[in-house]
Amino acid sequence: MYQLNGSLRRTQSGFSLIEILISFVVLAVGLLGVASMQKKGVESNHSAYLRTQAVSLASDMASRIRANEAGHQAGNYNQPVATETSSCLSTGCTAAQLAGNDYFEWSQQLQNVLPLGEGVVCVDSTPNDGTGTAASACDGVGTELAIKIWWDAMPRDGALDQLYAVGVDI
């Protein structure tokens with residue numbers, strides 16, 4: 001303490017406890033904001049990854065359809081039944097058997113790559129509708145096969161809430 005003109009005065013030396021607590025609160029709020037931005041970034045990145053996988057799987061099915069021209073022309077890819085016919089792959093499959101096997105293998109890939117992944121191939125004039133293979137909303141109208149893929153995006157709530165659809169000319 002110093003005495004100045006007969007009165008006692010204290011000089012301040014350092015931070016008070018209140019100032020330190022306030023600075024910790026400000027720092028904590030800032031770190032929470034950074035963590036929130038990081039979480040959003042990871043979620044967006046994962047969502048983009050899943051969409052990329054869906055695009056790749058749709059491209060795979062379109063390539064399978066184009067490779068089996070006879071099955072494509074006969075309409076074997078319009079809502080095919082998934083049948084594993086790998087036994088005929090070495091001896092020679094019919095166009096219908098190959099279409100069923102293509103759909104079977106593709107469906108397996110959807111389930112392995114996308115969360116709750118499922119898909120359908122059908123003639124549809126409005127490909128951007130439907131809520132899953134059980135309710136695919138394929139109307140059988142149009143000149144394109146629609147490849148529709150559904151999956152559960154973040155947060156994983158058990159609902160098929162993402163759709164990717166692409167058309168293949170008949």
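The values are calculated or read from the model by the stated rules, or taken from the named source; none is laboratory data. Just so it is clear, the model here is predicted, and its values are computed rather than measured. FYI the Cβ positions are ideal-geometry reconstructions off the backbone, even for glycines, and counts take in every protein chain you see. Heads up: the accessible areas ignore ligands, DNA and RNA and are worked out on the full protein's heavy atoms, side chains in. Shrake-Rupley method; radii C 1.70, N 1.55, O 1.52, S 1.80 Å.
Observations on the model:
- A simple spin-label model places pseudo-atoms 7 Å from Cα toward Cβ; at residue 47 and residue 131 they are separated by 2.1 nm.
- Amide proton proximity set for residue 132, modelled H, under 5 Å, gap of 5+: none
- Less than 5 angstrom separates the built amide H of residue 123 from those of 79, 140, 146, all sequence-distant by 5 or more or on a different chain.
- Taking the accessible area of the chain, probe 1.4 Å, and keeping the other protein chains in place, the carbon and sulfur fraction comes to 57%.
- Surface listing: 90, 136 arranged by accessible area from highest to lowest gives 90, 136, probe 1.4 Å.
- Note that the chain presents 63 Å² accessible area per residue, ligands and nucleic acids not counted, probe 1.4 Å.
- Sequence-ordered 3J(HN,Hα) estimates for segment 112-120 from the Karplus curve with 6.51, -1.76 and 1.60 and θ = phi - 60° stand at 7, 9, 9, x, 6, x, 8, x, 9 Hz, glycine and proline given as x.
- Helical content of the chain, expressed as a calculated mean residue ellipticity at 222 nm, amounts to -15500 deg cm²/dmol (DSSP H runs of 4 or more residues, -39,500 (n - 2.57) each, divided by residue number, nearest 500).
- Only one residue of 113, 81, 49 has its Cα farthest out toward the positive end of the dipole of the chain, where Lys and Arg carry +1 and Asp and Glu -1 on Cβ, and that residue is 49.
- Sites residue 113 and residue 83 - FRET efficiency at Förster radius 22 Å, r taken between beta-carbons, to 0.05: 0.55
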